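Notes follow once the structure below has been shown.
The values are calculated or read from the model by the stated rules, or taken from the named source; none is laboratory data. Quick caveat, the model's predicted, so the values are computed rather than measured. Every residue, glycine among them, receives a Cβ derived from its backbone with ideal geometry; neighbour counts consider all protein chains shown.
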Amino acid sequence: MKMSLKLRLIGILLSLVALSGCGGSDSNQVTDSYIFPAGTSTLAFTAMSTSLLPTSISGIDFSITLPVGMNVPTANGGSGPIEIASITAGSALAGTNLAFGSYSASTRTAHLSMATTSNSYRSGEFLRLTCTVDPNTNITLGSLKNANSPVLIQKAVGWDPSTLGTVLLTNQIKVTIGVAN
């Protein structure tokens, strides 16, 4: 009887040790009290399904509003297409991926898009956006999230190979904002 109890305890301990190695992605390691330092910071956008998706996600179009003191580098400075080096596909995507967007300096709104050829993407980090942060600002991750709660998704789609058509997924996912490490 004592040997059986010891084996159970050993099994439980081994399970706990194995589970302790499981963690989140790099973009979820900071708390909402994180203060963006002056210079450059990279935002990480993650999609999560809010219901069972009928197909994988192949594209997401969304927008966020940035606080005063946080800007996005554009090709021409001010408003316009976001510099190619400042917007990249996220770490959860495989295959061929596109990340692109535009920024309006007057409204402080970034319109961002992701497209992927992956037929397995259903959740995870899909886009990174490098922003500049002015000196002497006090912008927290929590304040950025609150200003964009919920993140406005214009459209999210998936590809259905059986019908050879797109499936609208806009109301079945949510996008969260984090910090890429």
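With respect to (1) surrounded by fewer than 21 Cβ atoms within 10 Å (Cβ to Cβ); (2) within 14 Å of the chain's Cα centre (by Cα); (3) part of a loop (DSSP other than H, G, I, E, B), the lone exception for Gly78 is condition (2). Give the residue that is surrounded by the fewest Cβ atoms within 10 Å (Cβ to Cβ), with candidates limited to residues of region 86-145 that are of a type outside the set (Gly, Ala, Ser), in contact with a Leu (Cβ under 8 Å, 6 or more places away or on another chain) and farther than 17 Å from Leu43 by Cβ. Per the stated criteria, the residue is Arg122.
Filtering region 80-129 to residues that are at pLDDT below 95 and among the aromatic types (Phe, Trp, Tyr) leaves only Tyr121. When Glu125 is tested against (1) out of contact with any helix residue (DSSP H, G or I) (no Cβ under 7 Å at 6 or more places or on another chain); (2) over 21 Å from Ala38 (Cα atoms), exactly one condition is not met: (1).
Give the residue that is surrounded by the most Cβ atoms within 10 Å (Cβ to Cβ), with candidates limited to residues of region 55-75 that are small (Gly, Ala, Ser) and more than 19 Å from the chain's Cα centre (by Cα).
Gly69
Of the residues making up region 32-57, those that are small (Gly, Ala, Ser) and either more than 24 Å from Pro135 (Cα to Cα) or out of contact with any strand residue (DSSP E or B) (no Cβ under 7 Å at 6 or more places or on another chain) (or both) number 4.
Within the set Thr88, Thr137, Thr132, Thr107, the sole residue that is part of a strand (DSSP E or B), over 16 Å from the mean Cα position of the chain (by Cα) and under 18 Å from Pro73 (Cα atoms) turns out to be Thr132.
When the residues of region 140-161 are filtered to those that are charged (D, E, K, R) and in a strand (DSSP E or B), the one that is modelled with the highest pLDDT is Lys155.
Of the residues that make up region 162-178, is at least one at positive phi, modelled with pLDDT under 95 and out of contact with any helix residue (DSSP H, G or I) (no Cβ under 6 Å at 6 or more places or on another chain)?
Pass one, region 162-178, residues at positive phi: 164.
Adding the requirement that they be modelled with pLDDT under 95 leaves 164.
If we keep only those that are out of contact with any helix residue (DSSP H, G or I) (no Cβ under 6 Å at 6 or more places or on another chain) as well, we get 164.
Yes, that holds for at least one residue.
Among the residues of region 124-150, how many are among the small types (Gly, Ala, Ser) and within 10 Å of Ile64 (Cβ to Cβ)?
The qualifying residues number 1.
With the condition kept exactly as written, say whether any residue in region 132-142 is touching a strand residue (DSSP E or B) at 6+ places or on another chain (Cβ under 9 Å) and farther than 30 Å from Thr31 by Cβ. No, there is no match, as no residue in region 132-142 is touching a strand residue (DSSP E or B) at 6+ places or on another chain (Cβ under 9 Å) and farther than 30 Å from Thr31 by Cβ.
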